[in-house]
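Some notes on the structure that comes next.
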Amino acid sequence: MSASGDQRPKELYEFGSFRVDPEKELLFREGHSVSLTPKAFQVLLVLLQHNPEVVTKDELMRTVWPDSFVEEANLSRNVFLLRKALGEGPADHRFVITVPGRGYRFAEEVRLIASSGNGVVAPEATTAEIPEREEPKVSKVRVWTFTAIAVLLVLAGGASWLLRHRKPLLTGQDTIVVADFTNTTGENVFDEVLRQGLAIQLEQSPFLRLVSDQQIQQMLKMMGRQLDEKLTPSVAQELCQRTGSAAVLDGSIARIGTQYLMTLKAVNCTSGELLASAEARAPDKDRVLDALGETASAVRTRLGESLSTVRKFDVPLERATTSSFDALQAYSFGRQAMIKSDWTAAVPFFERAVRIDPEFSMAYARLGTCNRMLEEATLAAENTRRAYELRERTSELEKFYIESHYYQQTTGELEKARQVYELWGATYPRDWSRPSAETAVSSLLGRYDDGLAEAREELRLNPTAAGYDDLIYFELKLNRFSEAESSARDAQKKGFDFPALHTDLYAIGFLQNNETEMARQAEWAAGKPASDHVLLAWESRTAAYFGRFGQAGKFSRRAIILAEETGTKEVAAGYEADAALRAALFGYPAEARSAARRALNLSPGREVEFTVALAFAFAGDADRAQVLANDLAARFPEHTLVQSNYLPTIHALLELKSDAPKSIDMLQAAGSYELSQSGGMYPVYVRGKAYLSAHRGKEAVTEFQKILRHRGIILNQPLGALAYLELARAYAVQGDKVNAESMYRDFLDLWKNADSDIPALKQARAEFAKLN
């Protein structure tokens, strides 16, 4: 039939090998239909219609869900589904690009084409003629047989429908508490292993959410119980009620002859009603983990999780972790230490786990995390790389953890890490460990607003010490000092006490000029191996901030010795590198070179090399600074901060005296990451120095004011004090004598109790005298 006169050709979208029919909401790839949910299709359509502009998240949510309120996680989920339909992976976003802090844009060229037909037809589609045939005669017996079969099929279909549409026992908002296993076998090896193994199995589920061990320990403390108390069914039930959870998972293992009987029950923690149960037998000890996996899968389904997600996210335990009981036991002990933020104690357990099973991917990943928290960046990178190489032996959730940390800690590709976190959040929107881990990337990128949102989400999903630490950290970075103090006090009121909290309180004391608080925290850390050198390093920086160079050196030496005694050489090297840079900035080139060499002898880590390169450059040793810059470029070719922060800063500093305009141009690459905590705002400082050298006082003022405005980032680093001096010089270059005098006075007042022979101080006094 020909088209009627009022039918007009409709427009279709085409990009790459894809074609989109907006009217029929169909997506095709090379003529083949691609399955896509209606909302994901609408997201695609909005992005196509705005190509290549950025569409904000708010605009997408208003357009796709015009009459209802939705959470951002819903949008992320549909973006994830869209990317999956387009064939994109975590590290390959060809079509849908995330614009951090804003929204999304469609990157591929989009073409509009006209179609005069009534629809999109696959090229290979054909219409076949079905020949007519004579209807056979059917006996009454056969009719009754067919009728009976039809009735049975209807009944079976109805039963199947009821199973699929039955009301789930748990909802997507419920949480559950995992109790310790009741072990009547007399074999102690099962005590820690089974609960840890069950948690690993259940954490694969996007539907279920376990109350974290950190939250359990905090609740035990509030209940007046020991933190390591065994979670018997009665204790677990009380925890369940106190945390507002829906159920307790109570497991047991018993020995029947040579076999092992594994039983798992889900019990309503309010009524005591049995919600679901499953059991499995293992012929021997080596098959116990298999039996555990069987019971976990069965209970997931019976609690209301869909069969599709159970099948998709159900990697057997021996593949997701290890087949070795001893390795899993060591891993369990390491996880318990991590829960208490005792990174030093956790390390030997994870090291034992990978010695027993060299292919235990998650043990390497957790070891890398502990290394990072202990500021052992080189070890963190090595262990995370090994985890990444073995990641096929993990669950989907563990892959997200490993891949994000690999890009973050090993290659340093921070934008790729961001993309993995986005997919992680879309797949597991209720998993608190994702925003917890993502905060580190936000800090490295200098995106503190994003980090604060992630910390709040982490604390909402898992109100623990780690969440408070992240919250306080980002409140400080954003200059919300009173809020940070309130959060710290709130953490203390709730019984949280962890080493990082005392560092946070010291930082708050410094920013509020509260010397009593600073002294209290330094006293708390004295004699505590994991904390004393950290607070001594803070004391060193504070002394230097106020120009007490000699006192700063004494604190540094003590911190270095204590860090070496605990075996954290890279941390000790970092303290030595800070001392070198401080000496160079204050005008002691010989001391700077000496400390720089000591730092490199301790550990040539990435952060150490960057700091030492700056020290050599400020001290006038351009050749050594260039050698270190070359080494960083060769070792970290893909590292976001090395390539876009560290190297531009070092190269600009080396060009500063000979070619100031070139120095300024070099620092353009660092603009997007100049507020990174890792870079210490040195790109801003060096850019300000370059403007000064070029006699562009107005631009120099802008840069040095930027340092003073970000007190929460700079904290007690020497640049925080030296920015006053450089700002005075910038005003003087402008001819603004009033403001120049004011800034010189501020600097000299800050250093009123400084060591009198510091070259930088002598020069400042001479400049001030000349100005007057």
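Counting only protein heavy atoms and a 1.4 Å probe, the chain has 46 square angstrom of accessible area per residue.
Calculated mean residue ellipticity, 222 nm, the chain: -18500 deg cm²/dmol, from DSSP H runs (n ≥ 4) at -39500 (n - 2.57) each, averaged per residue and rounded to 500. Only Cα pairs under 8 Å and 6+ residues apart enter the sum, and on that basis the relative contact order of segment 284-369 stands at 23 percent. With θ taken as phi - 60° and the Karplus curve 6.51 cos²θ - 1.76 cosθ + 1.60 applied, the whole-hertz 3J(HN,Hα) list for segment 760-768 is 4, 5, 4, 5, 5, 5, 5, 5, 5 Hz, x standing for glycine and proline. Given the choices (i) 1.09; (ii) 1.00; (iii) 1.05, Rg/Rh (Cα atoms, Kirkwood Rh) derived from the coordinates of this structure is entry (iii).
Within the chain, the cysteines lacking any other cysteine Cβ closer than 4.7 Å to their own Cβ are 370.
Peptides 240-246, 24-30 ranked from most to least packed, by the mean per-residue count of other Cβ atoms within 10 Å: 240-246, 24-30. The phi torsions of segment 445-451, fed into the Karplus equation with coefficients 6.51, -1.76 and 1.60 and a -60° offset, translate into couplings of 7, x, 9, 6, 5, 4, x Hz, rounded to whole numbers, with Gly and Pro shown as x. Which shape class applies to segment 371-445: rounded if a/c is under 1.5, otherwise prolate when a/b exceeds b/c and oblate if not, where a ≥ b ≥ c are the square roots of the Cα gyration tensor eigenvalues? Taking the square roots of the gyration eigenvalues as a ≥ b ≥ c, segment 371-445 is oblate. Amide H contacts of residue 182 (H built 1.01 Å from N, in plane; Pro and chain starts excluded): 251, 252, 253 sit under 5 Å, all sequence-distant by 5 or more or on other chains.
Considering only alpha-carbon pairs that sit under 8 angstrom and 6 or more positions apart, the relative contact order computed for the chain is 7 percent. Proximity of backbone amide H atoms, modeled 1.01 Å from N, is registered between residue 260 and 282, 284 at under 5 Å, excluding neighbours fewer than 5 places apart on the same chain.
Of the cross-linked pairs 416/477; 416/706; 265/493; 84/399, which ones have a Cα-Cα span greater than 26 Å in the structure shown? Distance filter (> 26 Å) returns 416/706; 265/493. Here's how it looks for residue 34: its modeled amide H is under 5 Å from those of 27, 28, 29, which are all 5 or more places away or on a different chain. Peptide packing for 280-290, 357-367 was compared via the average number of neighbouring C-beta atoms within 10 Å per residue; ordered from the highest value, the list is 357-367, 280-290. Cross-link partners of residue 494 among lysines, defined as those whose alpha carbon lies under 21 angstrom from its own and excluding same-chain residues fewer than eight positions apart: 221, 340.
Across segment 305-316, rounded Karplus estimates of 3J(HN,Hα) from the backbone phi angles (6.51 cos²θ - 1.76 cosθ + 1.60, θ = phi - 60°) give 6, 5, 4, 5, 6, 5, 5, 6, 10, 8, 6, x Hz, Gly and Pro being marked x.
Of the accessible area of the chain, computed with a 1.4 Å probe over protein heavy atoms only, carbon and sulfur atoms account for 50 percent. Net charge in the neighbourhood of residue 349 (other residues with Cβ under 14 Å of its Cβ; Lys, Arg +1, Asp, Glu -1) is 0.
Remark: the Cα gyration tensor places segment 529-685 in the prolate category, a/c being 1.5 or greater and a/b exceeding b/c.
If I stretch the segment between residue 526 and residue 23 completely, what's the gain in nm (0.36 nm per residue apart, minus their alpha carbon distance), one decimal? That works out to 174.0 nm of additional length.
The values are calculated or read from the model by the stated rules, or taken from the named source; none is laboratory data. Just so it is clear, the model here is predicted, and its values are computed rather than measured. Using ideal geometry, Cβ is built from the backbone for each residue, glycine included, and neighbour counts are taken over all protein chains shown. Areas reflect the complete protein model, heavy atoms only, side chains present, ligands, DNA and RNA absent. Shrake-Rupley method; radii C 1.70, N 1.55, O 1.52, S 1.80 Å.
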